[in-house]
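See below for the structure under consideration.
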Amino acid sequence: MKISVVLPIHNEYENLKPLLEDWSTQLEKIHNISYEFILVEDGSTDGTKELISNLEKKYPIINLSSEKKRGYTKAVLDGIKSSTGDYILCTDSDNQIKVDSLIKNLDNLPEENEFLIGYRNPRKDSINRIFYSKLFKVLHMILFDTKLKDPSCPFVIGKRKTFNSLPTKLLNMMTEGFWWGFVATCLKTGKKIKETPIQHFERKSGVASYGIIKLPGIIIRNTTGLIKIKHFKIDAQKDI
């Protein structure tokens, strides 16, 4: 079985090398598992591009570096499109989620038309990010009757065929807050979702993009995106 690990990356020079070292070391110990890292570098300016070029010599990497910033949503979707594994795991490159979360769930992998999504237990993020998520979870429940504990968790596993069956037009409606839109799209298209607890770690290096000043604009854009997904007519969807 082959697993593609999709990692959107922007200015993660300090985190990326130890992340790949840890994941590769642990996955190499598992029999009958092969893997690839889909590194979707997104206009970094801190030396991350050059680092990835060096890491390609050591690890099985598909390098999707970009001179211009494409944004988180397009980065994830580009990574999914370039994956070749039987299963795809989408997670973040900030080293807050470790390889153990994947290893512990190798006997719990989803079936076709199903996704396994983590919930951070407990979540180790800033107060403003946690507040934003709790606020948005209420909206998500109202719009989509969401029962998930953590609908924005960046730990999502599914079969490649299942990922590729999702309507890209719906997924692209969330320019930020991609996983909120992903879950909404899954619920709207009848995909099953099961949750699993994962350990979450504090960010040791780098800066998260959810500053307090940016939050009002992010909330407005994400709310607009979710409402568009809610009212989108699936029968009219042709871009699958």
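Mind listing whichever residues of region 83-115 are free of Cβ contacts under 8 Å to residues at least 60 places away in the same chain and under 17 Å from the mean Cα position of the chain (by Cα)?
Result: Leu109, single match.
Would you mind telling me which numbered condition in (1) surrounded by 14 or more Cβ atoms within 10 Å (Cβ to Cβ); (2) assigned to a loop (DSSP other than H, G, I, E, B) Asp107 fails?
If we test Asp107 against (1) surrounded by 14 or more Cβ atoms within 10 Å (Cβ to Cβ); (2) assigned to a loop (DSSP other than H, G, I, E, B), just (1) comes out false.
I'd like the full set of residues that are of a type in the set (S, T, N, Q) and either surrounded by 15 or more Cβ atoms within 10 Å (Cβ to Cβ) or modelled with pLDDT under 75 (or both), limited to region 195-213.
If the condition is that a residue be of a type in the set (S, T, N, Q) and either surrounded by 15 or more Cβ atoms within 10 Å (Cβ to Cβ) or modelled with pLDDT under 75 (or both), then Thr196, Gln199, Ser209 are the ones that fit.
Tell me, please, whether a residue that is among the polar types (S, T, N, Q), surrounded by fewer than 20 Cβ atoms within 10 Å (Cβ to Cβ) and in contact with a strand residue (DSSP E or B) (Cβ under 9 Å, 6 or more places away or on another chain) can be found in region 116-123.
yes
Tally time: how many residues in region 24-74 are within 25 Å of Leu106 (Cα to Cα) and out of contact with any Ser or Thr (no Cβ under 6 Å at 6 or more places or on another chain)?
18
All but one of (1) under 12 Å from the mean Cα position of the chain (by Cα); (2) within 18 Å of Ile219 (Cβ to Cβ); (3) among the small types (Gly, Ala, Ser) hold for Gly158; which doesn't?
Here Gly158 clears every test but (2).
Inside region 121-163, can you point out the residues that are assigned to a loop (DSSP other than H, G, I, E, B) and of a type in the set (A, V, I, L, M, F, W, C)?
Across region 121-163, the qualifying residues are Leu148, Cys153.
Restricting attention to region 14-28, which residues are in contact with a helix residue (DSSP H, G or I) (Cβ under 7 Å, 6 or more places away or on another chain) and without any contact (Cβ under 8 Å) to a residue 60 or more places away in the chain?
Selection gives Lys17, Leu20.
Among strands (runs of 3 or more DSSP E) lying entirely in region 1-100, which contain 1 or more residues that are crowded, with 22+ Cβ neighbours inside 10 Å and hydroxyl-bearing (Ser, Thr, Tyr)?
2-9, 87-91
Here's a check for you: in region 164-194, which residue that is closer than 15 Å to Pro151 by Cα and part of a loop (DSSP other than H, G, I, E, B) is modelled with the lowest pLDDT?
It comes out as Glu176.
The values are calculated or read from the model by the stated rules, or taken from the named source; none is laboratory data. All figures in this text were calculated on a predicted structure; none of them were measured in a lab. Methodologically, a virtual Cβ is constructed for each residue, glycine included, from the backbone with ideal geometry; neighbour enumeration extends over all protein chains shown.
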